[in-house]
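Contents: one structure, followed by commentary.
Read-outs: derived from the displayed coordinates by stated rules, not from any lab. Everything numeric in this text was worked out from a predicted model, so none of it was measured. So basically every Cβ, Gly included, is an ideal-geometry build from the backbone, and we count neighbours across all protein chains shown.
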């Protein structure tokens, strides 16, 4: 008997913006899988294509090429009616809780809209009860249903965004930097909320973030992006303890350490991330890589298996994994 397919499979995904003559290569040939019940972290510098991938997975933007499969079904080939039905299983928590909630709608309407669209909790009384349950689930009170978004703090608005995503009982959620617009004091509350909900409802999640400490805490595996391409993939504990790709090494070594006695041993990356309109030939990281050789300009490395469960897109085999303090 063949093994069941992953819940989400991304195959050679590309998303280009702008004119065909000079496109912005936001995502360029990205492939990965997400198993059922897994939380996959997506990390990289600003402009690496993280949010574009998250939106392309749910067809909030249409991919330029490639496939996104949900339980083996090609979402790109789904009709409009089929995609509307599938959206009950595929939801998103947006980055900005200030912009993602309609300021003219009360919370009861924000949460009740999806219930109506998908025919859940039919009838006004059942819908009101379900909205009250959702608010309590995310740590808010039923009476908050009558308020407008501007009457809440940033952390409370993000909780409403989480409640909206959960309202249709989805199987898969894309969390697109859900902490970046929140104060540090509020971030821990939302992290604990996500952990609790993930365990309670057996959610599968793509967690997009630039905060490496949060990714290490929340995620089972990590995909490292640079300029729209995959640099490294691996189990979180192994990747953080012993990164294999020069970019992953630099990214993790540059992350602030809570212990001031730990010496800084990494060499900071030189220069800025190149333009996605005119990416470097060969390896896109070569212009900032301290280990680049002439061949890196000629050949574009594809992610390949270098250890059990670990992939690396690098031509050099002599770069050992760096053990971080």
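Dividing the convex hull volume of the alpha carbon atoms of the range 128-184 by its residue count, what do you get in Å³ per residue? Could the numbers behind the result be given before it?
On the way: hull volume 4.9 nm³, N = 57.
Measuring per residue, one finds 87 Å³ for the Cα hull of the range 128-184.
Looking at the square roots a ≥ b ≥ c of the eigenvalues of the Cα gyration tensor of the range 190-262, which shape do they give, rounded for a/c under 1.5, prolate if a/b is larger than b/c, or oblate?
Working: a/c = 2.22, a/b = 1.39, b/c = 1.60.
Verdict is oblate for the range 190-262.
At residue 83 and residue 46, where each label point lies 7 Å from the Cα along Cα→Cβ, what is the point-to-point distance in nanometres?
3.0
What list do you get for 70, 226, 148, 217 if you sort them by fewest beta carbons within 10 Å? Could the numbers behind the result be given before it?
Working: 70 21, 226 26, 148 15, 217 12.
By the 10 Å Cβ count, ascending: 217, 148, 70, 226.
Take every DSSP beta bridge with both residues inside the chain and express the antiparallel ones as a percent of the total, to the nearest 5. Each step should come with its number before you reach the end.
Working: 26 of 43 bridges.
Given both bridge residues lie in the chain, the antiparallel proportion sits at roughly 60 percent.
Run the helix sum for the chain: -39,500 (n - 2.57) per DSSP H stretch of 4+ residues, divided by residue count, reported at 222 nm to the nearest 500 deg cm²/dmol.
Here the helix-only value at 222 nm equals -8500 deg cm²/dmol.
Cut-off is 10 Å between beta-carbons; in what order do 200, 147 appear when sorted fewest neighbours first? Provide the component values of the computation, followed by the final result.
On the way: 200 10, 147 16.
If I rank by nearby Cβ atoms, fewest first, I get 200, 147.
Quick one: angle between helix 107-117 and the longest Cα principal axis of the chain, in degrees between 0 and 90, rounded to 10, please.
With rounding to tens, the tilt is 90 degrees.
Rounded to the nearest angstrom and ordered from largest down, what semi-axes does the equivalent ellipsoid of the range 8-78 get from its C-alpha gyration tensor (root of 5λ)?
Values: eigenvalues 87, 47, 15 Å².
Sorted largest first and rounded, they come to 21, 15, 9 Å.
Can you give the translational diffusion coefficient of the chain in µm²/s, computed by Stokes-Einstein from the Kirkwood radius over Cα pairs at 20 °C and 1.002 mPa s? Mind showing how you got there, number by number?
Numbers: Rh = 21.1 Å.
Taking Rh from Cα pairs, D becomes 102 µm²/s.
Against the longest alpha carbon principal axis of the chain, how many degrees, from 0 to 90 and to the nearest 10, is the axis of helix 154-166 turned?
That helix lies at roughly 80 degrees to the long axis.
How tilted is helix 124-137 with respect to the longest principal axis of the chain? Cα atoms for both, answer in degrees (0 to 90, nearest 10).
Here the helix axis deviates by roughly 40 degrees.
Quick one: order 176, 196, 317 by neighbouring beta-carbon count within 10 Å, fewest to most.
In increasing order of surrounding Cβ atoms, one gets 317, 196, 176.
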